[in-house]
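Everything below concerns the one structure shown next.
The values are calculated or read from the model by the stated rules, or taken from the named source; none is laboratory data. Note that the coordinates shown come from a computational prediction; the quantities given were computed from them, not determined experimentally. Here the Cβ positions follow ideal geometry from the backbone for every residue, glycine too, while neighbour counts run over all protein chains shown. In case anyone asks, the SASA skips ligands and DNA or RNA and just uses the protein heavy atoms, side chains included. Shrake-Rupley method; radii C 1.70, N 1.55, O 1.52, S 1.80 Å.
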Amino acid sequence: MDKLKILEVKAKEIVNKVSNHPEERYQLRYEFYQKYGDSIIKGNEGLGNSELAFIKWEIKRGVLNPVNSPKPGSPWWREVNSHFLYLSTLAGLIKESGDTFQELPVPVNFWLAYINNPNECSWYRAHNSSIISGYRVADALAFKENIYEQYFMNIVLYRLLYAQSMVEGVNFGVLGKIFGNPRGCAVSLITDIEAFYPSHYPLTKKDIKYVTHRAHNLMGILEDIFDKVFILPHLSELYAEASKWNSSPIVMTFIKNNKPIYPINENEFDHDHFNTKLKSTEILI
């Protein structure tokens with residue numbers, strides 16, 4: 001077995017070991033940023049702060065729970081997270097080995113670039129290329145989620161790409177300058193707001209109103225402003241830029257006519273089809 005294969009097997013073993021333990025998933029990333037978080041402040045993971053805050057939200061929501069637990073997790077969310085863990089863990093193992101390898105997955109190369117030169121831009125490219133890759137590998141599992149959860153997957157992705165745009169020098173709005181700092185507390189704060197990131201899985205009727213921008217209250221209005229004013233008008237441009245930043249052309253299949261369409265099946269899930277199905281459902285009546 002060649003050196004790279006040995007490291008790949010080891011990375012998979014590490015991820016499999018924590019797979020059914022959400023807090024250990026978190027701990028794996030916490031330890032990564034203890035090494036590579038670019039922070040001199042004890043107890044602060046620097047460039048890992050926003051990612052760790054998001055994982056805490058996933059744990060609170062229960063999507064990382066084992067699928068056979070009393071409160072089952074989501075196969076899709078678990079797979080995206082596991083794939084992310086694998087790519088970043090493999091990069092860490094390669095760095096520690098001192099070896100160099102050709103033809104590594106794009107996200108692994110980005111993680112190595114981040115480890116060698118940690119900054120906002122290198123972090124976003126490593127993180128977001130891994131998430132995009134996770135969306136691709138978990139595509140089949142996405143169809144097993146209800147249509148509202150599928151729609152929420154798109155919201156999570158475009159908010160993440162929007163945050164990246166601020167450090168990539170593309171100005172889609174002033175809010176992104178605050179939201180886009182991976183060292184800051186913005187992600188921790190926003191994931192505590194139910195209107196933006198519901199804490200229930202599966203989504204409740206109230207959650208669905210927020211996810212579909214149909215909650216006509218203060219939090220719903222704020223969410224509408226954030227998404228509809230600052231992000232959605234620029235969605236095609238945002239995805240096109242993100243495909244370049246992250247060397248991830250697959251992300252362009254997640255959008256059509258400035259509308260998000262993940263998971264990739266235009267006949268079954270495009271924005272018009274979603275709206276038609278949304279209007280016909282009784283869940284929001």
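General remarks:
- A search for C-beta distances below 9 Å between a residue of region 88-110 that is among the basic types (Lys, Arg) and any residue that is in a helix (DSSP H, G or I) and buried (at least 19 other Cβ atoms within 10 Å of the Cβ), counting only pairs 6+ apart in sequence or on different chains, returns LYS95/TYR36; LYS95/TRP111; LYS95/LEU112; LYS95/ILE115.
- Considering region 254-285, the residues that are assigned to a helix (DSSP H, G or I) and surrounded by fewer than 16 Cβ atoms within 10 Å (Cβ to Cβ) include one that is modelled with the lowest pLDDT, namely SER280.
- The lone exception for ASN154 - which of (1) open to solvent by less than 50 Å² (accessible area, probe 1.4 Å); (2) in contact with an Asp or Glu (Cβ under 8 Å, 6 or more places away or on another chain) it fails: (2)
- Residue match in region 45-65 (condition: surrounded by fewer than 15 Cβ atoms within 10 Å (Cβ to Cβ), of a type outside the set (A, V, I, L, M) and assigned to a loop (DSSP other than H, G, I, E, B)): no
- When region 218-242 is limited to residues that are at pLDDT 90 or above and open to solvent by 20 Å² or more (accessible area, probe 1.4 Å), the one that is farthest from TYR151 (Cα to Cα) turns out to be GLU241.
- Residue that is farthest from ALA140 (Cα to Cα) [pool: residues in region 71-100 that are of a type outside the set (Asp, Glu) and part of a loop (DSSP other than H, G, I, E, B)]: GLY98
- The test for being crowded, with 20+ Cβ neighbours inside 10 Å and either at pLDDT 95 or above or not small (Gly, Ala, Ser) (or both) does not hold for LEU4.
- Among residues of region 198-217, those that are surrounded by fewer than 13 Cβ atoms within 10 Å (Cβ to Cβ) and closer than 17 Å to ASN154 by Cα, counted: 1
- In region 27-43 there is no residue that is at pLDDT 95 or above and in a loop (DSSP other than H, G, I, E, B).
- Among the residues of this structure, LEU64 counts as one that is modelled with pLDDT of 95 or more and within 28 Å of HIS200 (Cβ to Cβ).
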